[in-house]
Amino acid sequence: MDSREVVLEIRDISKSFPNVKALDRVSMDVHAGEVVALCGENGAGKSTLMKIISAVYHPDKTGGRIFYKGKQVNYTSPIEAKNDGIVLIFQELSLVKQLSVAENIYLGSLPYDRGKGVNWKRMHGDAKRVLGLLGCHINERMMVDKLPIAQQQMVEIARAIALDAKVLILDEPTSSLTDVEKQNLFRVIRELQKKGVATIYISHKLDEVFDISDRVVVLRDGKNVGDVVTKDVSVEDVVEMMIGRSIGNYYHKKADNYVGKEVLRVENLGIDHLFSNVSFSIREGDVLGLYGLVGAGRSEIVETIFGIRQPTEGKIYVDGKPVRISKAGVAVRHNIGLVPEDRKEKGLVLGMECQRNIALGDLRRVCRNGLIDMNKVTALFQEYQEKLTILTPSAKQEVRLLSGGNQQKVVIAKWLATQPKLLILDEPTRGIDVGSKAEIHKMIAEFAESGMAVMIISSEMPEIIGVSTRLITVAEGRITGELQGVEINEKNIMDAIALH
C-alpha cells in the first residue's frame with residue numbers, strides 16, 4: 001500500500017450522454033508524487049473521467065464525489081480547477097495559434113504589474129525558463145502557428161508546468177514528440193514527482209506506460225476493471241484487461257510476401273531544403289515502411305507523391321509511365337490514396353455525417369445525372385461499415401462523435417472507396433487503442449494480399465517492424481537504408497537512421 005498522501009480521490013463517478021453511459025460508478029485514488037497511467041480502448045471513458053476531474057464536464061447527480069487534498073470539491077469551471085492546482089493537457093491541442101509561445105504558456109494567468117499592465121519582460125523570461133526545463137529550444141516570442149506540431153505539443157506541456165500544478169493530467173502527451181523530446185518530458189515528470197506532484201498519464205503506447213508509471217488503472221466500457229502496480233504486471237496483462245480478451249498473434253500481422261507489377265517509382269525526387277535524391281519503387285502486394293525521426297522528411301515525401309507539394313527535382317512514374325501530379329485530384333485519378341497524419345485536421349469533416357465523409361473520396365461513385373444520390377451514399381457506407389467494422393449507431397452520426405479508432409476507419413474507408421492501387425498511410429494508428437491498432441494492422445496485410453500496394457509511415461518502431469515487408473529509412477531528408485525480410489529489425493533500423 002502506498003504510504004504517500006492521497007491527493008485526489010474519485011468515488012463512484014458516473015456520466016451519461018444521450019444513448020450512452022460513458023462512466024459507470026468509477027473510483028480511483030492518486031497519491032502525491034505518483035504517476036498513475038490510465039489505460040483503456042477508445043471510448044472506454046478515460047478522457048471523460050479526466051474532463052470531470054478538471055471540471056470540463058460535470059458528473060451525473062448519482063452520489064459520486066471528488067476529494068482533493070482531503071476535501072470534497074465541486075468545481076464549476078476548468079479555470080477554478082486550474083487555479084486550485086489541477087491541470088489537464090488535452091490530446092487535441094488547445095493553443096491560440098495567433099499568439100506567441102510565451103503568451104500561450106501564460107494564457108489566463110499573464111503576469112500583471114499594478115497600474116502598468118502585463119509585465120512582458122517577466123513573462124518572456126519565465127517562459128524561456130520553463131521551456132529550458134523541458135530541454136526545448138523554442139523562441140518564446142515566436143508565433144505558435146509557425147511551429148511544427150511536435151513543438152506545439154511541447155508548448156502545451158510547458159503551460160502545465162508553468163501553472164505549478166499539483167495534479168497534472170496528460171492525455172496522449174507524446175503523440176507528436178520525437179524520442180528525445182519524449183525522454184525530456186519523462187525527465188520533467190520524474191522531477192515533478194520528487195516535488196510531490198501527482199501525474200495522471202493517458203497513453204495507448206504501453207511501452208511508455210511501463211516506463212513512466214507507478215500504477216496502472218484500466219477502464220473498459222466506462223467501468224474500472226483494474227488497478228495494479230506497474231512492476232507487478234506485464235503488457236499482456238494490461239492489454240487483456242483493456243479489451244477483455246487476448247489480442248492473439250495478429251497484433252503485428254504481416255502480409256504474405258506476394259509481389260506483382262510495379263505500381264509507383266520515384267527517381268531522384270526532391271524539394272529544396274526538405275529532402276533530396278529520393279528513389280524507390282513499390283509493387284503490388286508490397287507493404288513499404290518509411291521510418292525516420294520526426295522532421296526527417298517522411299511526410300513531405302508522401303505529400304509530394306500525392307500532389308500536395310511540388311517537387312523541385314526528380315520524376316514520378318505510375319504503372320511505368322512518367323506523370324506530373326500537380327494536385328491531390330490528379331493523384332486520385334492515378335489511383336493513389338493518402339490517409340493523412342492528422343485525421344481531424346486533414347482527413348475528416350468532423351461536423352459531417354459518417355456516410356458523407358466516406359463518399360467524399362470519389363463523389364463520382366455516388367452521383368446520378370450530376371446530383372448526389374443519397375441511396376448510393378448510404379449503400380457505400382454500409383459496404384465499408386461491414387468491411388471495416390465501423391462502430392457507429394447510424395450512418396448519419398456526425399463523425400466527430402466517434403472514437404479515434406472508428407474515425408480512422410472512416411478515413412481509410414473514404415480512400416478504399418476510390419479503389420486505389422496505392423494506399424499511403426501516414427501514422428495510421430496514432431492515438432488509437434490497442435484493439436483498433438490490431439484491426440488496422442490486419443487490414444494492412446489484407447490490402448496487400450488483395451494486390452494493393454501499401455506504404456506506411458509510423459514513428460512506432462514495433463509497428464513499422466511488424467507490418468512492413470520492405471522498409472526504407474530516412475534521415476535529414478535523404479534515404480539512408482533499405483531493408484527487407486529478416487533484415488527489418490531494431491538494430492538495423494537504428495544503424496541506418498544514425499547515418500552510419
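Tabulated data for the structure shown
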| quantity | calculated |
| --- | --- |
| Condition check for E191: within 28 Å of L206 (Cα to Cα), in contact with a strand residue (DSSP E or B) (Cβ under 6 Å, 6 or more places away or on another chain), modelled with pLDDT of 80 or more and not β-branched (V, I, T) | no |
| Residue within region 185-198 that is of a type in the set (G, A, S), assigned to a strand (DSSP E or B) and in the same structural domain as V239 (by TED's automatic domain parsing) present | yes |
| Given (1) assigned to a helix (DSSP H, G or I); (2) over 24 Å from the mean Cα position of the chain (by Cα), index of the condition N357 fails | (2) |
| Boolean, D227 is in a helix (DSSP H, G or I) and not assigned by TED's automatic domain parsing to the domain that holds R430 | no |
| Qualifying residue in region 420-440 (condition: under 25 Å from L177 (Cα atoms), of a type in the set (S, T, N, Q) and part of a helix (DSSP H, G or I)) | yes |
| Qualifying residue in region 21-42 (condition: small (G, A, S) and either part of a helix (DSSP H, G or I) or not assigned by TED's automatic domain parsing to the domain that holds V167 (or both)) | no |
| Among residues of region 478-500, those that are under 20 Å from N268 (Cβ atoms) and within 23 Å of the chain's Cα centre (by Cα), counted | 0 |
| Count of region 381-405 residues which are assigned to a helix (DSSP H, G or I) and either surrounded by fewer than 23 Cβ atoms within 10 Å (Cβ to Cβ) or touching a strand residue (DSSP E or B) at 6+ places or on another chain (Cβ under 8 Å) (or both) | 11 |
| Region 126-152, residues that are assigned to a helix (DSSP H, G or I) and within 16 Å of L107 (Cβ to Cβ) | D126, A127, V130, L131, V144, D145, Q152 |
| Subset of region 64-122 [polar (S, T, N, Q), touching a strand residue (DSSP E or B) at 6+ places or on another chain (Cβ under 8 Å), touching a residue at least 24 places away in the same chain (Cβ under 8 Å) and surrounded by fewer than 15 Cβ atoms within 10 Å (Cβ to Cβ)] | Q98 |
| Residues (surrounded by fewer than 22 Cβ atoms within 10 Å (Cβ to Cβ) and within 26 Å of L8 (Cβ to Cβ)) located in region 123-153 | L133, L134 |
| Every residue from region 467-496 that is crowded, with 18+ Cβ neighbours inside 10 Å, in contact (Cβ under 8 Å) with a residue 24 or more places away in the chain, at negative phi and not in a strand (DSSP E or B) | V467, S468, T469, I488, I493 |
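The values are calculated or read from the model by the stated rules, or taken from the named source; none is laboratory data. All values reported here derive from a predicted model rather than from experimental measurement. Neighbour counts run over all protein chains shown; Cβ positions are idealised from the backbone, glycine included.
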